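Quick notes on the structure that follows.
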Amino acid sequence: MIIIMKQGTTHEHVDELSRHIERWNVKANPIYGEGTIVIGLVGDTGAVDKDALMLDPQVENIIKVQEPFKLANRKFHPDNSVVEIAPGVSVGGKKLVVMAGPCSVESEEQIIDVAKHVQADGAAVLRGGAWKPRSSPYSFQGLKAEGLELLHKAHEATGLPVVTEITNPAHIDIFMDKCDCFQVGARNMQNFELLKELGQTRKPILLKRGFANTMEEFLMSAEYIMAGGNENVILCERGIRTYEKYTRNTLDISAVPVLKRMSHLPVIVDPSHAGGIYWMVEPLAKAAVAAGADGLMIEVHNDPAHALSDGAQSLTYDSFHHTMNALRAVAAAVDREI
Ligand code: PEP
Ligand code: MN
């Protein structure tokens, strides 16, 4: 349920009404937008007396929100949310944020070299996996804690904030001061215990869509994190599983406008895991920017042919350079910047 307040309602009035509403055992979430004030009610609103609330002279309207996601719902928060990953690096504003780096952190030299190259071409965030959720137990599983240390070294060498995947809630403590944003991978989108624990932190969460999940399930996973008090969620479309075998996944480009309409959270696209092959990354990235994505996550490797994971879809430095230039033109066409 959301309560839309009349123009010019004072903060004091909103606070007083919120306290009044909370007597019905629901949480009142006031949101002050540009020219609009709404109070979102979260919890079991069955006991809320709508008729009594309508008697408040400052209440314009009360709407029942049908969707099961509330905090992630655009109705609760009409303006776009902007998630700050580090000072000067925010996702959801006019400037697009490109997160780039290898699938896996492989060595100190490798991650620092990749970080410097992607930074030179305009990436604002370094990506790199330390714990790798692989389909086969015999594939490279990541450098784990050492990988996290190496990412931190690359951060110290370049100043780039770091996003890396967390697979286990027990690791949160060691990730805390080694990264700037937690990545929840497609395979863990519905790992609810992980989501709940991440909701207790205040660090940004890059939540990837599971390859067989609907938009509503995706937003319900965001809701799990937000319900814990962490509203810094960035959604990432990375391709879904269809009958098509030519591509690794099928990039669901419609997820971008749909999510932007359903939710106020920023949406980015990962064209690397979607296409699964290097030459598809640039056209898919262009499509994502044209469709309104707030950023991209792109795999870049110093030597794709010898990468320990996802080499086939990784861009070389040269192709990343070319892609970034091409994206600048598309961004300008849709009134965005990189
Ligand atoms: C990754 O980013 O390297 C990754 C494993 O992605 P996804 O969870 O989308 O498969
Ligand atoms: Mn990968």
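Laboratory data are not the source of any read-out in this text; all were calculated from the coordinates shown. Remember, it's a predicted structure, so these values are computed and weren't measured experimentally. Note that we place each Cβ from the backbone using ideal geometry, even for glycine, and neighbour counts take in every protein chain shown.
Of Arg19, Arg209, how do they rank once you tally other Cβ atoms within 10 Å and put the fewest first?
Arg19, Arg209
Place +1 on the Cβ of every Lys and Arg and -1 on the Cβ of every Asp and Glu in the chain, take the dipole about the Cα centre, and give the residue among Phe140, Pro169, Met220 whose Cα lies farthest towards its positive end.
Of the listed residues, the answer is Met220.
Using Cα pairs under 8 angstrom and six or more residues apart, how large is the relative contact order of the chain, in percent?
16 percent
How far is it, in nm, from the label point at Arg261 to the one at Val65 when both lie 7 Å from their Cα along the line to the Cβ?
Once both label points are built, they end up 1.8 nm from each other.
Could you list, in their original order, any pairs among Lys144/Lys208; Lys144/Lys260; Lys95/Lys245; Lys27/Lys196; Lys27/Lys64; Lys144/Lys286 whose Cα atoms are separated by more than 24 Å?
Beyond 24 Å: Lys144/Lys260; Lys95/Lys245; Lys144/Lys286.
Treat the count of other C-beta atoms within 10 Å as a stand-in for reagent exposure and order Thr158, Thr201, Thr214 from fewest to most.
Thr214, Thr201, Thr158
State, to one decimal in nm, how far the label point of Gln7 lies from the label point of Ser254, with both points 7 Å from Cα in the Cβ direction.
3.8 nm
For Ser139 and Glu22, what is the calculated FRET efficiency with R₀ set at 45 Å and r taken between the beta-carbons, to the nearest 0.05?
The computed FRET efficiency comes out at 0.35.
DSSP H helices in the chain with Cα extent of 24 Å or more along the helix axis and mean Kyte-Doolittle hydropathy at least -0.5?
Passing helices, by number: 317-333.
Put a dot 7 Å past each Cα toward the Cβ at Ala333 and Glu108; how far apart are the dots in nm?
The modelled label-to-label distance comes out at 4.5 nm.
Suppose every K and R has +1 on its Cβ and every D and E has -1 on its Cβ; what is the size of the dipole of the chain about the Cα centre, in Debye to the nearest 20?
640 debye
Report the chymotrypsin sites (Phe, Trp or Tyr not before Pro) located in the stretch 172-255 that are in a DSSP loop and have at most 12 other Cβ atoms inside 10 Å of their Cβ, or state none.
In loop regions of the stretch 172-255 (DSSP not H, G, I, E or B), the sparsely surrounded chymotrypsin sites (Phe, Trp or Tyr not before Pro) are Tyr243, Tyr246.
Taking the Cα of Asp51, stepping 7 Å toward and past its beta carbon, and measuring to each backbone N in the stretch 1-36: which are under 15 Å?
From the stretch 1-36, the list is empty.
Got a sec? Which residues in the stretch 171-196 would a label at Glu156 touch, if it sits 7 Å along Cα→Cβ and we count backbone N under 11 Å?
Within reach of a label on Glu156: no residues.
Name the residues whose placed amide hydrogens come within less than 5 Å of the amide hydrogen of Leu296, ignoring near sequence neighbours (fewer than 5 apart) on the same chain.
Val97, Val98, Met99, Val269
Which of the listed residues, Ala100, Ser81, Ala115, is farthest toward the dipole's positive end in the stretch 76-124, when Lys, Arg count +1 and Asp, Glu count -1 at the beta-carbon?
Ser81
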